[in-house]
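Undergrad: One structure is given below, represented as structure tokens, and several questions about it will come after.
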Amino acid sequence: MRRRTFLLSLGAWSLAACGRGNDRAPAPTPLPTATRPVATTAPAPTATSSPVPSATPTATDPRIEPIGFPIDPAARLGMVSGVAGNRAIRWGEGPTALEYSRDDQPSGDPDRANRCGWNARLHVEYEGQPAVDWYIPPGTPVVATMDGTATLLINTVSNPFDVYGVSREPYLGNPDRALAPVVPFPGPGGGQGVFVRIENAGYRTDSAHFDIGATAAAVPRDAWLEDYGLETDFVAAFAQLRDFRVATPVARWEVRAGEVIGASGDSGYSEAPHLHYAVRPAGSPNALCPTTEPGFDDGGWLLRGARPG
């Protein structure tokens, strides 16, 4: 099978570590397509996981800026409980994505700031670039936050914590630094796994660690690139762990803000089922802060103004 594989420059990528997980979470329900990803230990999506699509801009009012949430801001997040060495995620028992991103992630208390997913400052510590995460079940719909060209890319459908047998527990929430090194694996870590990148003239967003089965079902039929489609066995083709800078584009299509672009999962360097979300100016390797955390010059993209339309 001939594939177009992009070897992206290190400066243009963050490590997309986001590696965290709950080994004892309930088993997932079956995914909606036959091309099912590797087994994951996350719960099935809850009713609050489906995002409420925002108003779609008109053709004369394009959404260039990445404003708002890529998931339903009213969805309740999974929340870390327990003490270091015995932590787990209580699914659906955390604050809403809006409350968490507005009130907790900017907090000066690192346990509070990371209890439902890593905040921007922790991403800088572990990955060198700001981003935000939310602990959500696999299969949670993810939407575009701006108009642009969406590309579905795959580094791997596997999770290196499972492949190498490395415990996820030290990475849950605020990591246990004594047991959670930045590079915990003896080989490739899988980077962002399955992810969707949206680009336009002004900005780029990356939404990472998708579930390939549910995401493939959301891809328009005419968006698949040569050699790929719904019939492709993505698990067989992309089970191998690869250098985080290597990703293969498999589909490309035009999207509008508010449209579903895929579904969350647990692929790549992911310590728990979650969505990793990053924003960059077009052509820049430097990511912006999606929240209003202190120490960042240009932040707050999740909470900026009303969406047009």
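Undergrad: For ALA178, project a label point 7 Å along Cα to C-beta. Then give me every residue of the range 88-131 with its amide nitrogen under 19 Å of that point.
TA: Answer for the range 88-131: 88, 110-111.
Undergrad: Still on this structure: What number results when the radius of gyration of the range 156-309, computed over Cα atoms, is divided by 2.2 N^0.38 Å?
TA: That ratio works out to 1.13.
Undergrad: Please give the length that would be gained between ASP298 and ALA217 if that part of the chain were fully extended, namely 0.36 nm times their separation in residues minus their C-alpha to C-alpha distance (nm, one decimal).
TA: 25.7 nm
Undergrad: Would you mind calculating the gained length between GLU99 and ASP243 on full extension (0.36 nm times residue separation, minus the Cα-Cα distance), in nm to one decimal?
TA: Between GLU99 and ASP243, full extension yields 48.3 nm more.
Undergrad: Taking the convex hull of the Cα atoms, report for the range 54-129 its projected area averaged over all directions, in nm².
TA: 6.6
Undergrad: Quick one: in the range 164-239, what % of C-alpha pairs are over 19 Å apart?
TA: 56
Undergrad: Here's another thing I want to ask about it. Using only Cα positions of the range 67-210, each an equal point scatterer, no hydration layer, compute I(q)/I(0) via Debye at q = 0.09 Å⁻¹ and quote the log10 values to two decimals.
TA: -0.29
Undergrad: What's the FRET efficiency of ASN286 with GLU231 using the Cβ-Cβ distance as r and R₀ = 41 Å, to the nearest 0.05?
TA: Given R0 = 41 Å and the Cβ-Cβ separation, E is 0.55.
Undergrad: Provide the packing ranking of 293-299, 256-262, i.e. peptides ordered by the mean count of other C-beta atoms within 10 Å per residue, highest first.
TA: Packing order, densest peptide first, comes out as 256-262, 293-299.
The numbers here are math on the coordinates, done by the rules we state, and not lab data. Note that the structure is a prediction, hence the values are computed from the model and not measured. Every residue, glycine as well, gets a Cβ built from its backbone with ideal geometry; the counts of neighbours run over all protein chains shown.
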